[in-house]
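What follows is a set of notes on a single structure, which appears directly below.
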């Protein structure tokens with residue numbers, strides 16, 4: 001198994017010329033020469049990610065959510081709110097800590113630049129969840145949400161599965177564990193987050209927990225850029241290191257991600273929450289997986305899944321619709337993203 005080496009902090013014998021640059025396994029000096037860039041998509045993403053700057057403390061209305069949590073949500077909705085937040089908290093926590101491990105092996109300064117911004121944004125997301133919990137639920141419920149996995153076997157197994165893929169690469173960095181980890185990053189950003197987002201959007205569509213919905217909208221906007229980063233890294237690996245690219249592994253991991261998402265979402269949502277249930281979750285997750293594979297230039301895994309069963313998600317993400325206006329244009333203005341060669345997908 002071919003090994004992969006960390007970038008030295010400073011390599012006086014490196015070559016920063018654009019024509020010598022590769023996404024991994026290059027030989028750079030360690031200098032961030034950002035005037036000479038090879039990957040134009042990274043430069044475009046930098047502009048969008050910086051323009052997306054926000055802080056959770058500026059999101060208003062969480063006190064209203066605190067009142068609504070107990071008065072407007074059914075017990076099933078409260079449980080789903082807690083469990084969905086717990087999984088999102090884990091995902092952003094592990095990404096904040098994990099991203100630098102992979103960035104150490106990326107040999108493109110422009111790509112490392114946006115990975116650094118991503119790590120910062122993941123930390124902001126963690127603070128966002130803390131702000132939600134501090135404002136919406138009582139102190140005894142906060143610990144329950146953070147450590148929901150301690151008493152929920154399904155969530156524990158999900159967290160362990162994701163964490164082990166990353167840990168395998170940290171413990172034994174080689175071509176296979178690196179590529180598997182990069183694919184895991186892509187699937188985490190592009191599939192694992194999205195049923196949680198769908199739950200909160202479904203509440204908003206029924207005019208419940210609106211401030212939480214605003215916070216999720218900000219987070220989702222950031223995640224679109226994160227999805228695009230890893231889709232492009234995978235495509236560059238395919239172009240530059242076809243011996244590392246493994247389509248069968250991508251399809252296998254995507255299938256497993258879909259299975260896990262359907263199992264978890266059915267488990268945490270049940271079938272008593274209006275607008276979202278096991279059947280719609282399965283259809284949505286399979287439809288979403290096909291869209292994610294298309295971003296990599298791959299054929300769908302689920303040819304029958306051709307429509308998004310959650311029509312309200314399209315409505316909420318359309319700033320021209322009445323409910324879309326709830327998510328202010330500054331929150332969900334995807335004009336910039338859709339202009340980047342159509343590579344940004346929800």
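Here are some notes:
- Filter result for the condition that a residue is free of Cβ contacts under 8 Å to residues at least 60 places away in the same chain, farther than 22 Å from residue 123 by Cα and touching a helix residue (DSSP H, G or I) at 6+ places or on another chain (Cβ under 7 Å), over 154, 177: 177
- Residue within segment 59-80 that is touching a residue at least 60 places away in the same chain (Cβ under 8 Å), in a helix (DSSP H, G or I) and either under 28 Å from residue 27 (Cβ atoms) or touching a strand residue (DSSP E or B) at 6+ places or on another chain (Cβ under 7 Å) (or both) present: no
- Selection within segment 265-283: residues that are over 10 Å from residue 76 (Cα atoms) and in contact with a helix residue (DSSP H, G or I) (Cβ under 6 Å, 6 or more places away or on another chain). The member of this set that is surrounded by the most Cβ atoms within 10 Å (Cβ to Cβ) is 265.
- Hey, residue 141 surrounded by fewer than 18 Cβ atoms within 10 Å (Cβ to Cβ), touching a residue at least 12 places away in the same chain (Cβ under 8 Å) and more than 21 Å from residue 99 (Cβ to Cβ) or not: yes
- Screening 99, 73, 91, 62 for residues that are buried (at least 16 other Cβ atoms within 10 Å of the Cβ), at pLDDT 95 or above, within 27 Å of residue 204 (Cα to Cα) and within 22 Å of the chain's Cα centre (by Cα) leaves exactly one candidate, 91.
- Residue 168 without any contact (Cβ under 8 Å) to a residue 40 or more places away in the chain, over 24 Å from residue 47 (Cβ atoms) and touching a helix residue (DSSP H, G or I) at 6+ places or on another chain (Cβ under 8 Å): yes
- Condition broken by residue 239, with the remaining ones in (1) more than 28 Å from residue 279 (Cα to Cα); (2) without any contact (Cβ under 8 Å) to a residue 24 or more places away in the chain; (3) crowded, with 22+ Cβ neighbours inside 10 Å satisfied: (3)
- Annotation note: of 198, 211, 123, 184, the sole residue that is without any contact (Cβ under 8 Å) to a residue 60 or more places away in the chain and in a helix (DSSP H, G or I) is 123.
- Residue within segment 31-52 that is over 30 Å from residue 108 (Cα atoms), in contact (Cβ under 8 Å) with a residue 24 or more places away in the chain and in a loop (DSSP other than H, G, I, E, B) present: no
- Residue list for segment 149-176, restricted to those being under 20 Å from the mean Cα position of the chain (by Cα) and crowded, with 18+ Cβ neighbours inside 10 Å: 149, 155, 158, 159, 162, 165, 166, 169
- Verdict on residue 229 being touching a strand residue (DSSP E or B) at 6+ places or on another chain (Cβ under 9 Å) and more than 23 Å from residue 85 (Cα to Cα): no
- When residues of segment 1-53 are limited to those that are surrounded by fewer than 11 Cβ atoms within 10 Å (Cβ to Cβ) and in contact with a strand residue (DSSP E or B) (Cβ under 9 Å, 6 or more places away or on another chain), the one farthest from residue 216 (Cα to Cα): 1
- Residues within segment 285-322 that are part of a helix (DSSP H, G or I) and modelled with pLDDT under 95, tallied: 6
The values are calculated or read from the model by the stated rules, or taken from the named source; none is laboratory data. All figures in this text were calculated on a predicted structure; none of them were measured in a lab. All Cβ positions, even for glycine, are placed from backbone atoms using ideal geometry, and neighbour counts span all protein chains on display.
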